[in-house]
């Protein structure tokens with residue numbers, strides 16, 4: 001029983017980690033919080049529903065459609081909400097935050113109009129597959145989620161640390177102006193970052209749809225808020241922090257359900273935020289901030 | 001005659017506009033030190049629930065309940081403010097967002113007190129209480145020739161109007177005082193303000209607590225006007241709605257959030273077809289305002305220009321009079 005819950009917690013935690021990765025990438029490069037990330041994630045989940053349930057097409061296609069749609073959303077987000085604010089004089093650092101809040105509330109209600117307010121099932125025969133080891137039941141979906149999470153994490157780390165584009169991205173994260181002077185096409189890198197972050201969110205959306213079998217327009221908000229909690233917990237802009245923070249949150253949420261306080265499950269994330277901000281504002285893996293970034 | 005003029009529905013819309021103006025003011029105060037709070041829906045909820053619970057369970061008079069609601073919200077503001085104001089900008093926004101969600105989860109789960117997700121109904125209504133109070137003194141609605149539900153809405157509207165005007169005049173005066181100057185200095189540049197000898201922590205907590213107090217006050221009024229509250233009234237959407245009053249109208253001068261609240265509350269009422277797409281429009285407004293006019297529609301410059309225009313007009317009339325006098329003289 002406990003072991004099963006542990007596996008559930010790990011699954012949940014890996015999904016949280018993937019969502020948090022999207023936040024962390026954008027924050028690392030642009031220094032802003034993308035409040036619309038949760039809604040992009042929700043659109044990814046809905047694409048999964050539309051492809052597998054409404055159109056009865058295979059699951060692999062769901063991933064492709066979700067990736068394409070969320071990439072488009074990321075592109076629009078950058079072009080409409082973020083780029084106009086960049087480099088403008090006299091714009092406060094809160095402007096991108098407010099602007100992405102606008103995008104988030106727009107997308108949520110768009111989904112409301114398209115798909116309705118209710119729960120949408122995500123029925124694939126795949127989600128019923130399970131393996132029995134002793135008394136423990138492991139669903140194939142959980143394994144897939146775990147595998148995809150690890151794969152994403154490894155490939156992202158590899159891409160960031162070993163490839164030329166990754167190097168350029170890190171240069172942008174360090175100092176946008178200097179990177180631009182050294183010949184990095186910062187405009188392109190920023191756009192790439194936002195798109196990659198959105199696509200990661202979209203993949204997480206399909207995974208969540210598979211794991212929990214329910215998709216609603218409101219899920220973007222709750223998942224987005226948890227993603228925020230995780231990047232604060234793990235340290236803003238830290239890829240490792242997002243992974244560890246996600247697992248911590250996933251496990252502690254499952255544990256509180258085991259101990260019977262399921263109603264307060266959603267509060268954990270925020271209590272964690274407030275505590276971590278008081279005790280260690282830079283997060284578990286973050287660098288202490290010496291100067292506020294503009 | 002009077003009976004046909006008073007439409008309870010319009011008066012209710014006007015009352016909601018007034019409550020939204022108070023909410024707009026609450027976010028304006030917090031923003032006037034450059035802090036973005038997404039927890040105002042939480043403070044509003046605390047005010048509403050406190051007032052509803054004490055008036056129902058302990059039979060306290062309405063006015064005590066409302067004031068208590070505001071005070072509890074304000075104290076929570078200080079409690080939340082003191083630790084989180086070390087944080088800046090984005091961190092503060094997320095922490096307050098987290099606070100708002102915790103409050104909502106608490107309302108849902110603390111069923112013994114808050115009746116959970118169902119919400120609290122049959123909260124004493126300001127207007128109805130007043131009308132029964134008036135009846136005891138021998139005054140009824142028939143005496144001025146209107147129905148009693150009309151009298152209720154008129155009374156609610158008048159009370160809110162007085163309260164709102166008092167609040168506005170208080171904050172206009174505060175804006176011109178030492179405190180207001182300190183707020184503005186902190187908004188401009190925190191380190192410079194600190195170097196000038198302004199106690200930033202004190203003023204930031206003050207602004208935050210004032211915002212929380214006013215939001216709690218608005219929440220308490222809301223509870224006693226709708227007579228029904230539930231946790232979903234104080235969700236993230238409400239926080240964004242409060243924020244948008246200031247973002248749209250303008251956060252530099254107090255006229256901004258007032259205009260924002262009036263316009264954005266009456267818009268869905270005037271254009272019925274639009275109300276369905278309300279939140280989508282809110283989203284577009286937020287993005288567009290940030291891109292084109294981040295300080296909001298009404299800003300210092302506009303107020304300044306209006307004043308100058310008026311001065312010019314006055315000057316003109318004086319000049320005209322002068323020249324006329326000359327004409328007569330020659």
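Quick note: the coordinates plus some simple rules give every number you see, no bench work behind them. Just so it is clear, the model here is predicted, and its values are computed rather than measured. Glycine gets a Cβ as well: all are built from the backbone with ideal geometry, and neighbour counts include every protein chain shown.
Per-residue extension of 0.36 nm, minus the Cα-Cα distance of residue A:261 and residue A:282, leaves a gain of 4.6 nm for this segment.
Mind checking the mean number of beta-carbon atoms from other chains within 10 Å of the Cβ atoms in B:288-300?
Per residue, the average neighbour count from other chains is 4.
By the beta-carbon count within 10 Å of each Cβ, the least crowded to most crowded order of B:203, B:28, A:264, B:222, fewest first, is A:264, B:203, B:222, B:28. Compute the Cα gyration tensor for region B:85-200, then decide on rounded, prolate or oblate, letting a ≥ b ≥ c be the square roots of its eigenvalues: rounded whenever a/c is under 1.5, prolate when a/b is larger than b/c in the other cases, and oblate in all that remain. Note, shape of region B:85-200 comes out oblate. For the Cα trace of the protein assembly as shown, dividing Rg by the Kirkwood Rh returns an Rg/Rh value of 1.02.
With neighbours defined as other Cβ atoms within 10 Å of a residue's Cβ, the residues A:135, A:92, A:180, A:104 order from fewest to most as A:135, A:180, A:92, A:104.
Across region B:2-297, the relative contact order, built from alpha-carbon pairs under 8 Å that are at least six residues apart, equals 36 percent.
The calculated FRET efficiency for residue A:213 paired with residue A:155, based on their beta-carbon distance and R0 = 22 Å, is about 0.20. Orientation-averaged projection of region B:233-330 equals 9.1 nm² [convex hull of Cα atoms, one quarter of hull surface area].
The convex hull defined by the C-alpha atoms of region A:4-46 has an orientation-averaged projected area of 3.5 nm². Each label point was placed 7 Å from the Cα along the Cα-to-Cβ direction; for residue A:86 and residue A:177 their separation is 1.6 nm.
Under a no-solvent Debye model with one identical scatterer per Cα of chain A, what's log10 I(q)/I(0) at q = 0.08, 0.11, 0.14 Å⁻¹? Values returned for q = 0.08, 0.11, 0.14 Å⁻¹ are -0.33, -0.64, -1.04. On the basis of the beta-carbon distance and an R0 of 41 Å, residue B:110 and residue B:201 show a calculated FRET efficiency of 0.80. The packing ranking, built from the mean of other Cβ atoms within 10 Å per residue, places the peptides B:170-177, B:147-154, A:238-245 in the order A:238-245, B:147-154, B:170-177, highest first. Against the compact-protein benchmark of 2.2 N^0.38 Å, the Cα-based radius of gyration of chain B scales to 1.12.
The slack between residue B:297 and residue B:273, meaning 0.36 nm per residue of separation minus the straight C-alpha distance, is 6.2 nm. Here each label is just a point 7 Å from Cα along the line to Cβ, and for residue A:75 and residue B:263 those points are 3.3 nm apart. Considering every alpha-carbon pair of region A:151-266, the percent of pairs per 5 Å bin, from zero through the bin containing the longest distance, is 2, 9, 14, 21, 19, 14, 9, 6, 4, 2, 1, 0. Remark: region B:230-269 projects, on average over all directions, an area of 3.0 nm² (convex hull of Cα atoms).
What the Cα convex hull of region A:135-201 gives, in volume per residue, is 89 Å³.
Here the simple spin-label model places points 7 Å from the Cα toward Cβ, and for residue B:63 and residue B:149 these points are separated by 2.8 nm. In terms of surrounding Cβ atoms within a 10 Å radius of their Cβ, B:305, B:204 rank from fewest to most as B:305, B:204. Counting only DSSP H runs of at least 4 residues, each contributing -39500 (n - 2.57), and dividing by the residue count of the protein assembly as shown, the helix-based mean residue ellipticity at 222 nm comes to -24500 deg cm²/dmol. If R0 is 22 Å, the Cβ-Cβ spacing of residue A:129 and residue A:2 corresponds to a FRET efficiency of close to 0.45. Considering only Cα atoms, the convex hull volume of region A:16-154 works out to 132 Å³ per residue. Computed with the Debye formula from one identical point scatterer per Cα of region B:172-232, without solvent, the log10 of I(q)/I(0) at q = 0.22 Å⁻¹ comes to -0.84.
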